[in-house]
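Below is one structure, written out as structure tokens; comments come after it.
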Amino acid sequence: MIRGMLCWMVLGALPAVASAQADMSAKVDFFERKIRPILVDNCYNCHSANTNSKGGLRVDDRGGLTVGGNSGPAVVPGHPEKSLLLKAVRHVGASVKMPPKKKITDEEIADLAVWIKDGAAWPQDQLPKSVGKSAAHYAKLKKEHWAWQPLQNPQAPAVKNPNWAKSDVDRFLLAKLEEKGLKPAPDADRPQLLRRITFDLTGLPPTVAELDNFLKDTSPKAFENVVDRLLASPAFGERWGRHWLDVARYGESTGSARNLPLPHAWRYRDYVLDAFQNDMPYDQFLREQIAGDLLPAKSEKERERQLVATGFLALGVKDVNQRFKVRFIMDNIDEQIDVMTRAILGLTASCARCHDHKFDPIPTADYYALAGIFQSSDLCAGLRNKMGGGGMDYYDPALLITLGGSVKSASKEQLDKAKAALAQARSELTILTDDPTKNAGGQGGEKKLKAARQKVTQLQAALLSLSDPASLGPVAYGLRDSKTVADTEIRIRGEAEKLGPVVPRGFLTLVDVEGAPKVNPEQSGRLELAHWLASPKNPLTSRVMANRVWKYLYGNGLVSSVDNFGVTGDVPSHPELLDHLSNQFVAGGWSVKKLIRSLVLTRSYQLSSDSLTENAAIDPGNRLVWRHSPRRLEAEEIRDAMLATSGKLDRTRPAASPAANLRVTEMQNNGAEAQNLVANANLSLKRSIYLPLVRTVVPRSLEVFDFADQGLVVGSRDTTTVAPQALYMLNDPFVAEQAKAFALNLLKSDLDAEGRIQRAFREALGRDAHAKEIERTKTFLVQYATDFANESEASSDPQTAAWISFTQALLASAEFRYVP
């Protein structure tokens with residue numbers, strides 16, 4: 001039975017339940033008669049949805065009270081002694097006194113204490129009638145939709161031409177082609193094949209030496225040797241790690257209304273690159289990203305790696321300008337659920353935040369079963385929400401993951417002194433801001449106000465230099481279990497303050513995973529969630545990743561909607577082959593490299609990209625894989641290939657990221673910080689994976705060629721052809737600089753003109769130039785040099801200028817941007 005039905009259908013079914021219901025009704029009645037009037041009369045003016053919610057605290061909804069404001073939870077249900085609200089209303093000692101100008105009665109204080117001790121009851125909102133009405137429809141979908149069925153173990157089919165196939169993968173594909181009366185395209189030639197495999201596995205072009213060696217190697221294992229060399233190359237981790245960063249919506253700032261840098265995000269980037277380079281088993285890779293902080297570690301190095309891994313759930317877009325903390329929390333939870341379910345399961349589970357999923361069997365209760373897990377986890381991105389904040393207001397160093405053991409901090413005396421100075425400065429600023437006789441309206445007020453703001457900013461920085469973990473040692477972003485772990489309520493229509501029934505923490509009921517662990521009531525549940533996701537019995541996890549790998553190698557997924565395996569997504573073109581690959585993936589120890597190797601050594605991967613008229617008429621989209629689909633290089637590949645061809649590519653990994661030096665203050669897209677970041681990126685000779693990726697401030701070399709949207713799960717990038725791409729290749733200083741370096745390298749050689757032309761084609765396009773191309777190029781070089789020399793303002797060497805124009809034409813050619 002669907003979990004969502006249980007939350008409300010069993011009420012009244014048993015006497016014990018009826019008794020509990022009556023008890024809750026009495027507690028809610030007590031709240032309405034005794035507690036709400038206290039809050040309305042004494043607190044709403046400053047701490048409600050209709051105000052600025054001073055201190056970040058709301059008292060007009062239960063979530064606002066239990067989550068609390070800048071000082072922490074105002075109410076801890078069941079624990080009056082831990083509840084800051086009671087301390088404030090008692091007006092005792094040096095703590096905050098609320099309301100500030102009067103004290104509520106002792107009887108009201110006693111009522112508040114009783115209410116909190118009894119669990120801080122709050123009236124529930126009514127669930128919409130549509131919620132929980134999809135049980136029969138969902139049951140049908142769970143039985144019928146292909147993606148949620150257990151993995152099958154299909155046998156490779158018999159084919160009419162068994163000599164053509166090199167593997168079972170080939171047999172699955174050939175059987176479909178023969179069924180449609182289609183013949184595969186011929187094999188690719190060696191230069192084509194080397195260019196294809198080198199870009200696919202490393203994102204870089206083959207060198208001239210690599211081309212020569214491959215052409216000379218006539219052994220049966222020549223191509224296999226190339227594959228093994230490329231899989232072992234550091235460039236492999238950089239290329240395939242980038243694929244996962246697309247899926248993980250990696251970025252180095254928050255994006256959204258206020259764009260705050262995430263200067264330590266690069267640690268997660270490097271974690272991903274290392275994981276792919278070292279062929280970390282995919283199931284382990286997933287477990288570490290979901291619950292690395294809860295996994296055992298054999299060493300301090302392994303523990304730190306696992307902590308950094310949880311950055312997967314911490315680096316999404318965040319609206320730090322959100323006024324209400326409970327909304328900020330629930331929006332971030334929604335983002336975490338979305339990235340986890342799309343990236344790993346190929347599901348759009350976030351659709352169930354407001355209502356039962358319209359298409360897939362994901363009831364609202366399932367969504368909040370997951371939400372409870374993430375609400376029981378601290379999102380450690382070093383940020384807090386504050387509407388209209390400035391300076392360092394959004395920075396919360398307490399929400400950082402410290403690495404490297406214990407962090408040496410300043411003495412208590414130093415911290416107390418810095419806090420006191422800061423508090424005094426804030427008080428002075430508040431007086432200037434609030435008092436109309438002393439603020440900007442008064443004589444010299446604007447100057448005083450500016451000086452007061454600067455003083456606060458300076459003292460903020462001074463305090464952080466003493467207390468900020470990031471200034472005292474290495475830190476990362478990620479997750480950790482909260483001090484309070486608990487189930488959460490359904491939020492009516494997705495609104496954070498409108499509470500429905502409580503849902504036990506758990507997983508999606510859409511698939512049954514044999515042996516799935518139960519959530520540990522003492523922990524968040526992320527550890528059990530990680531095991532559920534990475535189970536070999538979970539058919540979605542292996543199918544989704546096997547399909548992603550196929551897509552990156554063949555151009556299209558067996559399921560074209562790589563991020564959506566639900567009812568609204570595509571169906572597999574070869575369902576038996578997909579299950580075969582999924583089983584092979586799991587049986588191979590979840591090794592991504594083994595899966596890739598098995599696919600690129602097939603006959604089908606090594607086909608030419610030639611289009612056959614009779615085949616194109618029947619299968620124009622190449623869904624049946626009768627040829628290899630040519631593809632345009634991705635943005636990083638185009639930039640890196642230009643650097644490699646010019647001889648200027650620096651292949652070493654940088655120590656961090658250019659964004660690592662940014663302060664956590666708002667960045668304007670056209671501000672000095674953003675412009676400097678982009679300008680420096682344009683000068684970088686590192687691989688593009690290491691360029692700064694601050695959201696909304698993407699380097700132009702990446703942006704113009706359809707770089708991944710950093711706020712979304714992107715398993716398949718767009719490929720557009722637009723005018724700015726041509727203009728970039730013709731006019732951008734970066735392209736011109738690489739063309740110049742390319743030309744000068746050719747001119748330095750001892751080769752004659754024909755030899756240089758041949759070398760240029762091999763460097764840029766991975767093949768020999770044809771006789772006609774050589775003759776046309778010679779004619780062009782002579783004519784260009786002559787015309788250039790005749791220009792009255794010409795100050796450069798005509799021959800050099802001609803070669804630069806030629807090399808830029810090669811870099812700007814369609815053939816340079818495509819792999820066959």
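The values are calculated or read from the model by the stated rules, or taken from the named source; none is laboratory data. Because the structure is predicted, anything quoted here is derived from the model rather than measured. Neighbour counts run over all protein chains shown; Cβ positions are idealised from the backbone, glycine included. Each accessible area value is taken on the protein alone, full model and side chains, heavy atoms only, with ligands, DNA and RNA left out. Shrake-Rupley method; radii C 1.70, N 1.55, O 1.52, S 1.80 Å.
How many residues, within segment 130-167, are among the hydroxyl-bearing types (Ser, Thr, Tyr), part of a loop (DSSP other than H, G, I, E, B) and touching a His at 6+ places or on another chain (Cβ under 9 Å)? Here the count works out to 2. Screening Arg242 with (1) surrounded by fewer than 22 Cβ atoms within 10 Å (Cβ to Cβ); (2) closer than 30 Å to Asp338 by Cα gives one miss only, at (1). Tallying residues that are outside any helix (DSSP H, G or I) and of a type outside the set (S, T, N, Q) within segment 708-746 yields 11. Of all residues in segment 104-129, those that are among the basic types (Lys, Arg) and either under 14 Å from Arg33 (Cβ atoms) or assigned to a helix (DSSP H, G or I) (or both) total 1. Does segment 212-232 contain at least one residue that is in contact (Cβ under 8 Å) with a residue 12 or more places away in the chain, within 30 Å of Arg342 (Cβ to Cβ) and hydrophobic (A, V, I, L, M, F, W, C)? Among the residues of segment 212-232, at least one is in contact (Cβ under 8 Å) with a residue 12 or more places away in the chain, within 30 Å of Arg342 (Cβ to Cβ) and hydrophobic (A, V, I, L, M, F, W, C), which makes the answer yes.
Scan segment 747-759 for residues that are open to solvent by 50 Å² or more (accessible area, probe 1.4 Å) and either modelled with pLDDT under 95 or not in a helix (DSSP H, G or I) (or both) and the total you get is 3. What are the residues in segment 697-707 that are under 15 Å from Leu633 (Cα atoms) and assigned to a loop (DSSP other than H, G, I, E, B), if any? Matches in segment 697-707: Val704, Phe705, Asp706, Phe707. I'd like the residue in segment 677-696 that is not in a loop (DSSP other than H, G, I, E, B) and not small (Gly, Ala, Ser) and, out of all such residues, is modelled with the lowest pLDDT. Once the filter is applied, the top-ranked residue is Val678.
Taking every residue in segment 677-702 that is among the aromatic types (Phe, Trp, Tyr) and pairing it with any residue that is assigned to a loop (DSSP other than H, G, I, E, B), at least 6 positions away or on another chain, the pairs with Cβ-Cβ distances below 9 Å are Tyr690/Arg653; Tyr690/Pro654; Tyr690/Ser657; Tyr690/Ser684. Of all positions in segment 515-529, at least one carries a residue that is at positive phi, without any contact (Cβ under 8 Å) to a residue 40 or more places away in the chain and surrounded by fewer than 14 Cβ atoms within 10 Å (Cβ to Cβ).
Of the residues Gly12, Gly69, Gly63, the single one that is surrounded by 16 or more Cβ atoms within 10 Å (Cβ to Cβ) and either closer than 30 Å to Tyr138 by Cβ or at pLDDT 90 or above (or both) is Gly63. Note on segment 492-506: residues that are open to solvent by less than 20 Å² (accessible area, probe 1.4 Å) and part of a loop (DSSP other than H, G, I, E, B) amount to 2. Does Val76 meet the test of being open to solvent by 30 Å² or more (accessible area, probe 1.4 Å), farther than 30 Å from Tyr554 by Cβ, in contact (Cβ under 8 Å) with a residue 40 or more places away in the chain and not in a strand (DSSP E or B)? So Val76 passes the test. Going by what's in this entry, would Asp338 be described as at pLDDT 95 or above and open to solvent by 10 Å² or more (accessible area, probe 1.4 Å)? So Asp338 fits the description; yes. Of all the criteria given as (1) open to solvent by 30 Å² or more (accessible area, probe 1.4 Å); (2) part of a helix (DSSP H, G or I), the one not satisfied by Leu553 is (1). Which count do you get for residues in segment 358-399 that are assigned to a loop (DSSP other than H, G, I, E, B) and not hydrophobic (A, V, I, L, M, F, W, C)? Residues that pass the stated criteria total 16.
Exactly one residue out of Ala110, Ala121, Ala139 is touching a Phe, Trp or Tyr at 6+ places or on another chain (Cβ under 7 Å) and of a type in the set (Gly, Ala, Ser): that is Ala121. Restricting attention to segment 767-808, the residues being farther than 19 Å from Arg195 by Cβ and either in a helix (DSSP H, G or I) or in contact (Cβ under 8 Å) with a residue 40 or more places away in the chain (or both) number 29. Per this entry, Ala20 is counted among residues that are on the phi < 0 side of the Ramachandran plot, small (Gly, Ala, Ser) and at pLDDT below 85. The condition (being open to solvent by 40 Å² or more (accessible area, probe 1.4 Å) and touching a residue at least 24 places away in the same chain (Cβ under 8 Å)) is satisfied by just one residue among Pro630, Pro620: Pro630.
Do we find that Ala26 is open to solvent by 20 Å² or more (accessible area, probe 1.4 Å), over 29 Å from Asn321 (Cα atoms), touching a residue at least 24 places away in the same chain (Cβ under 8 Å) and aliphatic (A, V, I, L, M) in this structure? No: the conditions fail for Ala26. Here is the figure for segment 249-268: residues that are under 18 Å from Ile344 (Cβ atoms) and either hydroxyl-bearing (Ser, Thr, Tyr) or surrounded by fewer than 22 Cβ atoms within 10 Å (Cβ to Cβ) (or both) total 2. Of the residues screened, Ile329 is not one that is open to solvent by less than 30 Å² (accessible area, probe 1.4 Å) and in contact (Cβ under 8 Å) with a residue 40 or more places away in the chain. Within the set Asp187, Asp111, Asp106, the sole residue that is acidic (Asp, Glu) and within 30 Å of Ile329 (Cα to Cα) turns out to be Asp111. Within segment 312-335, the set of residues being of a type in the set (D, E, K, R), part of a loop (DSSP other than H, G, I, E, B) and at pLDDT below 95 comprises Arg323 only. Looking only at segment 269-294, residues that are within 13 Å of Phe312 (Cβ to Cβ), open to solvent by 10 Å² or more (accessible area, probe 1.4 Å) and within 18 Å of the chain's Cα centre (by Cα) come to 2 in all. Here is a check on your reading of the model: is Arg267 closer than 26 Å to Glu666 by Cβ, part of a loop (DSSP other than H, G, I, E, B) and either in contact (Cβ under 8 Å) with a residue 12 or more places away in the chain or small (Gly, Ala, Ser) (or both)? Spelling it out, it is not the case that Arg267 is closer than 26 Å to Glu666 by Cβ, part of a loop (DSSP other than H, G, I, E, B) and either in contact (Cβ under 8 Å) with a residue 12 or more places away in the chain or small (Gly, Ala, Ser) (or both). Within the span defined as segment 481-488, every residue fails to be in contact with a helix residue (DSSP H, G or I) (Cβ under 8 Å, 6 or more places away or on another chain), free of Cβ contacts under 8 Å to residues at least 60 places away in the same chain and surrounded by 19 or more Cβ atoms within 10 Å (Cβ to Cβ). Note on segment 475-491: residues that are in a strand (DSSP E or B), more than 22 Å from the chain's Cα centre (by Cα) and among the charged types (D, E, K, R) total 2. When only residues in segment 449-466 that are under 18 Å from Ile431 (Cα atoms), in contact with a helix residue (DSSP H, G or I) (Cβ under 6 Å, 6 or more places away or on another chain) and free of Cβ contacts under 8 Å to residues at least 40 places away in the same chain count, which is most open to solvent (accessible area, probe 1.4 Å)? Among those residues, the one meeting the criterion is Lys455.
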